[in-house]
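The values are calculated or read from the model by the stated rules, or taken from the named source; none is laboratory data. For clarity, every value in this text was computed on a predicted model and none was experimentally measured. Cβ sites come from the backbone with ideal geometry, for glycine too, and all protein chains shown count toward neighbours.
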Amino acid sequence: MSTVVAIDGPAGAGKSTVARRLAERLGYAYINTGSLYRALAFAAKSSGIAFSEIDAGFLNRCELEFRGADLYLNGCKLGDELRAPECAQGASVISGNPLVRDYLMPVQRNSANGQWIVMEGRDIGTVVFPDAEKKFFVTASPEERARRRMAQSSEVAADATFESILADIIARDERDSKRAIAPLKQAADAVLVDTTGMSIDEVVEYIAEMCR
Ligand code: DC
């Protein structure tokens, strides 16, 4: 049986860095589930398929597998291409498709594979692992998240401004939290961690302490 620490929260809250560092700190495996949605958006874009046209046939041609924390699509390792802004927006759009969510559910559950694991996403504590041992909902104000995004040059378009990044974050929050299936929301038994004004080290320390 797996022991899961679920880290959920909105875009740009620093979840990935926190979850990766927390996993290192605890000696647990680390899985970033957003990369699965990004990988499907990337695959659709690469094959010229509109995000709205993703169907079972397309999904069956996409074999996704984690080897450690690395994600492979049909045997090819994916990396920085997933961080592109169009993959982020595409992932958010396709994540409202029930076929996509059903398709990714076993991939996520199997990736835990009996390990001690930190798994990060939007619905880990609510849907994927509702019985996770520890659940955290990591967030920050939209302005703080936009400032942090702006500092990550690989994640923003070359002509992006603070205002355009903030508008993207608000649009993703809206889509992620309003979708009909598995919307982004804090699990009733999750600890809320508002990281506004906190450093990454402080957040990791705080969560690690609660996992001990
Ligand atoms: O965490 P991220 O920014 O890489 O996620 C990209 C998108 O994928 C996000 O906007 C919503 C979707 N997602 C989801 O619906 N459920 C998850 N568990 C993880 C991500």
Practice task
Starting from the stretch 32-56, keep only residues that are at positive phi, then list their pairs with residues that are near the ligand (Cβ under 7 Å from one of its atoms) whose Cβ atoms are within a distance under 9 Å, requiring at least 6 positions of separation or different chains.
Solution key: none
Handout entry: Unique match (being at pLDDT 95 or above and within 12 Å of the ligand (Cβ to nearest atom)) among Ile54, Ile31
Key = Ile31
Handout entry: Close pairs from the stretch 1-21: first more than 23 Å from Ile170 (Cα to Cα) and small (Gly, Ala, Ser), partner part of a helix (DSSP H, G or I) and more than 12 Å from the ligand (Cβ to nearest atom), Cβ under 8 Å, at least 6 apart
Key = Ser2/Ala112
Practice task
Kindly indicate whether Ser52 is of a type in the set (Ser, Thr, Tyr) and surrounded by fewer than 18 Cβ atoms within 10 Å (Cβ to Cβ).
Solution key: yes
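For every residue, the table says whether it meets (1) of a type outside the set (D, E, K, R); (2) over 14 Å from the mean Cα position of the chain (by Cα); (3) within 19 Å of Arg20 (Cα to Cα).
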| residue | (1), (2), (3) |
| --- | --- |
| Cys87 | yes, no, no |
| Met119 | yes, no, yes |
| Asp131 | no, yes, no |
| Lys135 | no, yes, yes |
| Glu143 | no, yes, no |
| Ala146 | yes, yes, no |
| Met150 | yes, yes, no |
| Leu166 | yes, yes, no |
Fill in the blank from the handout: Exactly one of Val127, Val100 is within 13 Å of the ligand (Cβ to nearest atom) and more than 21 Å from Ala190 (Cβ to Cβ), and that one is Val100
Exercise for the section: Could you tell me whether Ala167 is touching a helix residue (DSSP H, G or I) at 6+ places or on another chain (Cβ under 8 Å), more than 14 Å from the ligand (Cβ to nearest atom), under 21 Å from Cys87 (Cβ atoms) and small (Gly, Ala, Ser)? Expected result: no
